[in-house]
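Engineer: Following this message is one structure expressed as structure tokens.
The values are calculated or read from the model by the stated rules, or taken from the named source; none is laboratory data. These figures come from a predicted structure and were not determined experimentally. Glycine gets a Cβ as well: all are built from the backbone with ideal geometry, and neighbour counts include every protein chain shown. Surface accessibility is based on the protein's heavy atoms, side chains included, excluding ligands, DNA and RNA. Shrake-Rupley method; radii C 1.70, N 1.55, O 1.52, S 1.80 Å.
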Amino acid sequence: MNETALRIATIADLDALAWRIARLREEFLSNTNVDLSSMRTVIRDSWQRCRALAVNAELNLAHFVATNDQQLRDLYDLNVAFLRAAGPVLLRLRATLGNAGYVVAISDAEGTLLDVDGDPACRRKLARKGLLPGSNWSEAVAGTNAIGVALATGQVVQLVGAEHYCTGWQDVTCTAAPVFHPDDGHLLGVLDITGDYRLVRPFLTGIMAAAAAEVQRRYRLERVTQPARSRIFSGWTPPVPSNNASPVAGDQLVLFERLADVMRIVSSVLDPVRTPFVIAEQMGRLLDASGTVLAEGTTAGPPRTYFWTVSGEAGQKASEILQHAIHDPTILTWRFCDRPFIISGTTITNYKEELAGFPLPDISGMILVVRIPARPWTIADQQSGATLAAHGAAILRHARLYTDLQAYAAQTEVLNTLALFLSTLIDPIRQIDVVLQRILALTHLDIGMMVLKEDRHLAITAVPEIAIDQEQILALVETVMSTGQPIWLCREHAVAHEGTLLPLHDCCDLVVLPIILHATNAGALLIGSRAHRHISGEDLTLLLTITQQLGLTLSNARLRQVASENDALRQANHLKSVFLASVSHDLRSPLTAIRASVEDLLERQHEVSPIDHRALLSNIARETARLSRFVDQLLDLSRIEAGTLPIDREWVELHALVHDVITNFQQQYPVCRIEIFLSPTLPPLYIDPTLITQVLWNILENAQKYGPPEGPITIEAFCTNTDLVISISDRGPGIPINERHRIFDRFYRLERDRRSHRNGSGLGLAICHGIVAAHQGSIWVDERPGGGSIFRIMLPLINEQPTAWCPLEYHSRESV
Ligand code: ADP
């Protein structure tokens, strides 16, 4: 498996989240009445359990329950099958995560760590907190942590930093998945991934759910292969050597040769459906019988039977006798004895033929054999039959194991593919139809539907879009949500009233599975097929795991959505406050000046000298102009930000444009000296001349305002292959390096200018940035060698020339 690409995402969100939970935790630890409603239910419940268990929240080091090698060895022995099943899975996780800062661990059903592996640096760091074999992570001992919560809830959990109850684990993130016994469902242990809390990744939950499912399957294989059987076939009694033993008789030799043949035939089948028939047939051929039956199954319920008979009358009679014998309760119990047996004729009512019986070791089965007409069963017959039975049982087990293995491999593949797919979705909540399509493709089913509870109503997504009886579907979903148990409906097997439960007209099989979001049943996945499908227990387990994985993905997506919505609201609120503070200040100062001048004029109407009268009026005019400029700037900026700024492009010659700007500028600031250096080969630009004029004007005005009023200001322009770069330099105080990118933010002003109460709104450069960006260009500021700032504007060149272009006269060095 390739190493997973671990993308670092939204650390700021994480820090904010961790900080908020840390504060809640402190309040919770010091106070019993804390509002924990904003926390995940699963964590809140765990904290409350920890409080009830009086867990020491100051814990920095995990508690060790196995402290020496012998105790650890005992622990391993107790969990040997689980460890063997988990070993390859841990190895693969380890290889997948590489040295990306994670440690993988496995605990027993009590929460005691059995094995820890992973990134060596991270392992050393976590070892100092006690993440070592022998340490216990149950909630009662180590407080809220992923392993403890997985043990307590039986679900896959991911925990971030401060969600841990104890002090020692506030800076880590853990994702843990419980592993259940494949047959009786009891807890075997937990798989866990731990790392720095900034490495929290939602897709780890999917990976862990798939890993836990794989351990579970391997555990089943471990148990099947585990109890090492003696190599001596039971039922085989070695011939007792005797002095008068004659060499093997000719018919015995034939029998043994035949045994080798049938063993070869039996060994060559790997199909578990065909294998019992082949064994029954070969047993018949080996012993020259008229009929055989292979029966197997537990003591509860009737056994499964596989008959073989020769054709004709003998075969018919053999079949009748075997049918009787195989359903005889006394005979059935003989399958547990460990050697061949002979059933005398009197045992079976109405028949006198003697039957030979061969138990099938390890699979609770046997083969009965009958010969018509009857012939005595020799020692050689019994020996060969017992050998074939023992060999057949082994072959049957292997065939089933092989099929299981194939099914497990296919299931693991499905879960891995799905986990990978889900981890690539940007917004799974809005992509449910895509998720459903992928699940259908992976499970080879053709109808998918997801019903999710949203506020008070249920949202239904169906793939493909189908006519549905909503009421029936909702009734099914409600049942599944209230019981938490899946429902499987099949038209083929339905008893009368169940048939009517199927809510989709053209659907034959339908499985309804509960979806758990944030530890509550929040909806259901309905999945089925139009044609009849033999949905097995294995299929149901797979569908349940898929649904669990889906629930986790959706839970995480919802958490992320809520977090980012809160963040966006906070940011909008902050911007609104900044905006109001800035706007009210910038509106107030000119208004105050205007009001003072007007009041002065009114109060001293008749005493004001003509000179003062004029001064007051020009003051009013200047401040009104300032006010109107500010309002214009606000309007421009709002249009830029809303993307509604009209751009009226035309072909423009830069020399002419610069010339016009400078002429106007000089009229307003006659003392300011401007130097111009424009390359002679500048191509025409396809721009909005009014907007680019505004950009140049804003920068020139800033240079004059923040630099020496008399300048000099230098304008330069040159071309690269793809862009035209205009630079405007001044000899002002320059801009500190750490604030260079911020001066293009709206309302941003340098600290020194804010403090000195110099006029300014912090909007000019934001508008320049917006205009240049709307031309697909960029703007930035550099330090000018010898002091001052250089503002650079880069505009992309467009290759097509205007059809009737007539360059204006060029001034190589111009001083205006
Ligand atoms: P303002 O209306 O405040 O000038 P701008 O957006 O044009 O708004 O500029 C933002 C801030 O950048 C100014 O307040 C000033 O602190 C700083 N600044 C802009 N141009 C220069 C410059 N040429 N030299 C030094 N500081 C400048």
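Engineer: Spot the failing condition for residue 728; the list is (1) under 17 Å from residue 640 (Cβ atoms); (2) in contact with a helix residue (DSSP H, G or I) (Cβ under 6 Å, 6 or more places away or on another chain), and only one is missed.
Structural biologist: Every listed condition holds for residue 728 apart from (1).
Engineer: Let me ask something additional. For the stretch 87-100, check the following and say yes or no: at least one residue is of a type in the set (Ser, Thr, Tyr) and in contact with an Asp or Glu (Cβ under 9 Å, 6 or more places away or on another chain). First the steps, then the outcome.
Structural biologist: Of all residues in the stretch 87-100, those of a type in the set (Ser, Thr, Tyr) come to 96.
This time we only want the ones that are in contact with an Asp or Glu (Cβ under 9 Å, 6 or more places away or on another chain), so: 96.
The answer is yes; a qualifying residue exists.
Engineer: In the stretch 142-181, which residues are on the phi < 0 side of the Ramachandran plot, free of Cβ contacts under 8 Å to residues at least 40 places away in the same chain and surrounded by fewer than 22 Cβ atoms within 10 Å (Cβ to Cβ)?
Structural biologist: Residues satisfying the conditions are 171, 180, 181.
Engineer: Residue 126 is checked against (1) open to solvent by less than 10 Å² (accessible area, probe 1.4 Å); (2) in contact with a helix residue (DSSP H, G or I) (Cβ under 6 Å, 6 or more places away or on another chain) and fails just one. What number does that condition carry?
Structural biologist: (2)
Engineer: Please give the number of the condition residue 413 fails out of (1) surrounded by fewer than 14 Cβ atoms within 10 Å (Cβ to Cβ); (2) touching a Leu at 6+ places or on another chain (Cβ under 8 Å).
Structural biologist: (2)
Engineer: From the set of residues in the stretch 725-735 that are open to solvent by less than 80 Å² (accessible area, probe 1.4 Å) and either near the ligand (Cβ under 8 Å from one of its atoms) or in contact with a Ser or Thr (Cβ under 9 Å, 6 or more places away or on another chain) (or both), which is farthest from residue 593 (Cα to Cα)? Don't jump to the end; show me each part of the working.
Structural biologist: Quick first cut of the stretch 725-735, residues open to solvent by less than 80 Å² (accessible area, probe 1.4 Å) only: 725-730, 732, 734-735.
Still in the list and also either near the ligand (Cβ under 8 Å from one of its atoms) or in contact with a Ser or Thr (Cβ under 9 Å, 6 or more places away or on another chain) (or both): 727-730, 732, 734-735.
On the way: 727: 36, 728: 33, 729: 33, 730: 31, 732: 28, 734: 31, 735: 30 Å.
Checked the stretch 725-735; the qualifying residue farthest from residue 593 (Cα to Cα) is 727.
Engineer: Would you confirm whether any residue within the stretch 675-687 is part of a strand (DSSP E or B), loosely packed, with under 15 Cβ neighbours inside 10 Å and more than 16 Å from the ligand (Cβ to nearest atom)?
Structural biologist: yes
Engineer: For the stretch 736-751, check the following and say yes or no: at least one residue is over 45 Å from the mean Cα position of the chain (by Cα) and either touching a residue at least 40 places away in the same chain (Cβ under 8 Å) or within 8 Å of the ligand (Cβ to nearest atom) (or both).
Structural biologist: No, the conditions are met nowhere in the stretch 736-751.
Engineer: Has the stretch 745-759 got any residue that is hydrophobic (A, V, I, L, M, F, W, C), assigned by TED's automatic domain parsing to the domain that holds residue 651 and closer than 21 Å to residue 665 by Cβ? Working first, answer last.
Structural biologist: Taking the stretch 745-759 first, the residues hydrophobic (A, V, I, L, M, F, W, C) are 747, 750.
Still in the list and also assigned by TED's automatic domain parsing to the domain that holds residue 651: 747, 750.
Among the residues that remain, those that are also closer than 21 Å to residue 665 by Cβ are: none.
For the stretch 745-759, residues hydrophobic (A, V, I, L, M, F, W, C), assigned by TED's automatic domain parsing to the domain that holds residue 651 and closer than 21 Å to residue 665 by Cβ: absent.
Engineer: Something else: Answer yes or no: is there a residue in the stretch 689-696 that is in the same structural domain as residue 794 (by TED's automatic domain parsing), open to solvent by 70 Å² or more (accessible area, probe 1.4 Å) and within 16 Å of the ligand (Cβ to nearest atom).
Structural biologist: Residues of the stretch 689-696 that are in the same structural domain as residue 794 (by TED's automatic domain parsing), as a first pass: 689-696.
Keeping just the survivors that are open to solvent by 70 Å² or more (accessible area, probe 1.4 Å) gives 690.
From what's left, within 16 Å of the ligand (Cβ to nearest atom): none.
No, because not a single residue in the stretch 689-696 is in the same structural domain as residue 794 (by TED's automatic domain parsing), open to solvent by 70 Å² or more (accessible area, probe 1.4 Å) and within 16 Å of the ligand (Cβ to nearest atom).
Each row is one residue, and each column tells you yes or no for (1) farther than 30 Å from residue 543 by Cβ; (2) not basic (Lys, Arg).
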{"site": "350", "(1), (2)": "yes, yes"}
{"site": "387", "(1), (2)": "yes, yes"}
{"site": "400", "(1), (2)": "no, no"}
{"site": "410", "(1), (2)": "no, yes"}
{"site": "415", "(1), (2)": "no, yes"}
{"site": "419", "(1), (2)": "no, yes"}
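Engineer: Within the set of pairs 6+ apart or on separate chains, which have a first residue in the stretch 692-704 that is more than 15 Å from residue 788 (Cβ to Cβ) and in contact (Cβ under 8 Å) with a residue 40 or more places away in the chain, a second that is more than 8 Å from the ligand (Cβ to nearest atom) and open to solvent by 10 Å² or more (accessible area, probe 1.4 Å), and C-beta atoms under 7 Å apart?
Structural biologist: Going by the 7 Å Cβ cut-off, the qualifying pairs are 692/657.
Engineer: Out of the stretch 752-780, which residues are hydrophobic (A, V, I, L, M, F, W, C), more than 8 Å from the ligand (Cβ to nearest atom) and either at positive phi or part of a helix (DSSP H, G or I) (or both)?
Structural biologist: Here is the first cut: in the stretch 752-780, the residues hydrophobic (A, V, I, L, M, F, W, C) are 763, 765-768, 771-774, 779-780.
Retained after the next criterion (residues that are more than 8 Å from the ligand (Cβ to nearest atom)): 771-774, 779-780.
Hits for the stretch 752-780 are 771, 772, 773, 774.
Engineer: Inside the stretch 523-576, can you point out the residues that are within 30 Å of residue 406 (Cβ to Cβ), of a type in the set (A, V, I, L, M) and open to solvent by 60 Å² or more (accessible area, probe 1.4 Å)?
Structural biologist: 531, 544
Engineer: Could you check the stretch 320-340 and list, in sequence order, the residues that are touching a Gly at 6+ places or on another chain (Cβ under 8 Å) and surrounded by fewer than 18 Cβ atoms within 10 Å (Cβ to Cβ)?
Structural biologist: First, the residues of the stretch 320-340 that are touching a Gly at 6+ places or on another chain (Cβ under 8 Å): 321-322, 331, 334-335, 338-340.
334, 338, 339, listed by residue number.
Engineer: Considering 21, 43, which residue is open to solvent by less than 70 Å² (accessible area, probe 1.4 Å) and within 20 Å of residue 138 (Cβ to Cβ)? Give the derivation first.
Structural biologist: Details: 21 fails: within 20 Å of residue 138 (Cβ to Cβ).
43 is the lone residue from the list that is open to solvent by less than 70 Å² (accessible area, probe 1.4 Å) and within 20 Å of residue 138 (Cβ to Cβ).
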